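Since the structure comes first, as structure tokens, the remarks are kept for the end.
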Amino acid sequence: MPRLALRVLAAVVGTLTLVAGCGGDGGSSRARRPAGAQVTIRVPADAPTISDAVSVARPGDLVLVSPGVYHESVKIDREHVTLRGLSRDKVVIDGRLRQPNGVVVSAPGVAVENLTVRNNTQNGVLVTGSAKAAAGLPGASGGYDTGDEPVTFLKSFLVSHVTATRNGLYGIYAFSAQNGVIEHSYASGGADSGIYVGQCKPCTIVVRDNVAELNAVGYEGTNASEDMYVVGNRLAGNRVGLTTNSDHQEKLLPQKGSVVAGNLIAANQQTATPEQADGGWGTGAGIDGGSGNRFVRNRIAGNSTAGLVITATADIPPVGNQIVDNTFTGNGVDVGWTFPTATRGRGNCLRGNELRTTVPARLATSAACPAPAASSSPAGRWAAPTAPGGIPFTEVAPPAPQPQFPDAATAGATVVPPVPALPRTEDIRVPPADLLAANARVRTS
């Protein structure tokens, strides 16, 4: 047996002895371990690398990582394992632009907590039920279209207190996954999006209390439908703040049924960001071919092109989206609906918003909620500013120190519920203009 494997086995056997006692029949360490016993595997004290620790972890175990820079791609294919750093800012998984993903989760019930993931060519943290995506293999046109293969979902996950910065596609990416939470995290320097949820129906995913700034797009939900909640996030200082859209590169078209509530979506025209989203530069939020989405009590402010845009893909109309009780201030156009192709929207409506300008004019009265499902949505055009050049994702400003996971050293392994509790939309209020400002570099006022 290689020396490295001997060291890992010896370390874990020692930990098991402390937890489970010295009884046994002379068999393997796994045989001597009582069913349900949980251990903490410390890196580097018990295992020299995070990957080594994960490889011997069993359901219910905690992999606890000491401060350091770890040059590895961590693949978690054991269910109900918790990966946690002792210091969010000082436990760093650094891909050095030599690997596609920093952390790949392909088993249910996994929690990734309190660490930084940076400098990967694709994603910081990837949670997926797709074997192709887990292997780092992009599909057609750069998407993860799996051809004739059936969609396989990973069910239940948690990403909490993670900093994902300077990654070549997405900072935190849930693809073909369900029943999960992305919370209290920070994403910057995503060359595509800081936080991305794709190809799920029903999603039953909550994205809450995160900061996404200095990305091409702060949050993107592509073909992410039903029980998809984006609440209480700071999506500010990107090129585009948020999009929810339908896209033929992924399955489960069309996108429908997201709730976007209580977010600050502001100042999304930063130049020191990756250039990929130039087509929508200066846009706070966009619905592109998505249907049945509800934008409720968001603060959408200071976006130079438009606060919120509804448009169609080439062949998929936006249908039945509701824009309700939002506060719009200081945008180039507060709400703009535009359909540059023959595909037009239907049944989209507004109610109770604080608005200054719309395109077309008087949209709040001509498309008031409730709107008949078959009614053609009015549309217009406006002059948008020219998008300035950006910078490579590798040059995006480093993040500020971020809040730590509570009691990281003493809390036990996290139990990820099979289905997360979903927010009560009626309890969500319009956020203050300084929402989560203490955790951000970009100031919006």
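By average Cβ neighbour count within 10 Å, what is the ranking of 407-419, 148-160, 329-341 from highest down?
On the way: 407-419: 13.5, 148-160: 17.5, 329-341: 20.8.
Final packing ranking: 329-341, 148-160, 407-419.
What's the local net charge at V207, with K and R +1, D and E -1, over the other residues with C-beta under 13 Å away? Present the calculation step by step, with values, prior to reporting the outcome.
On the way: positive: R208, R234; negative: E183, D209, E220, D227.
For residues surrounding V207, the net value is -2.
By counting other Cβ atoms within 10 Å of each Cβ, how are H71, H248, H80 ranked from fewest to most? Walk me through the intermediate numbers first.
On the way: H71 13, H248 16, H80 20.
Ascending Cβ contact count within 10 Å gives the list H71, H248, H80.
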Check: If the label point is 7 Å along Cα→Cβ of A400, which residues in region 239-272 have backbone nitrogen under 19 Å from it?
Finding: 239, 264-272
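Would you work out the relative contact order for the chain, in percent, from Cα pairs under 8 angstrom that are 6 or more residues apart?
Computed over the chain, the figure is 11 percent.
May I ask you to compute the full-extension gain from E149 to T410, defined as 0.36 nm times their residue separation minus their alpha-carbon distance, rounded to one decimal in nm? Kindly include the intermediate steps, with their values, before the conclusion.
Values: separation 261, 0.36 × 261 = 93.96 nm, distance 4.31 nm.
Using 0.36 nm per residue and subtracting the Cα-Cα distance, I get 89.7 nm.
Would you order E113, E426, E183 from fewest to most other beta-carbon atoms within 10 Å of each residue's own beta-carbon? Don't jump to the answer; show the numbers that get you there.
On the way: E113 23, E426 9, E183 20.
Ascending Cβ contact count within 10 Å gives the list E426, E183, E113.
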Notebook entry, point to check: So which trypsin sites (Lys or Arg not before Pro) in region 291-365 pass both tests, a DSSP loop state and at most 13 other Cβ atoms within 10 Å of the Cβ?
Noted result: R356, R362
Notebook entry, point to check: A37's amide H: which non-local residues (gap 5+, or another chain) put their own amide H closer than 5 Å, with H modeled 1.01 Å from N in plane and none for Pro or chain starts?
Noted result: none
Margin query: Under 4 °C and 1.567 mPa s, how fast does the chain diffuse according to Stokes-Einstein, given a Kirkwood radius computed over C-alpha pairs? Answer in µm²/s, whole number.
Written below: 58
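Helix-only estimate, please: 222 nm mean residue ellipticity of the chain, summing -39500 (n - 2.57) across DSSP H runs of length 4 or more and dividing by its residues, to the nearest 500. Working shown, then result.
On the way: 5 runs with 37 residues, N = 445.
Taken over the chain, the calculation gives -2000 deg cm²/dmol.
Where a number appears in this text, it was derived from the coordinates with a stated rule and is not lab data. It should be emphasised that the depicted structure is a prediction, and the values quoted were computed from it without experimental measurement. Backbone-built Cβ (ideal geometry, glycine too); neighbour counts: all protein chains shown.
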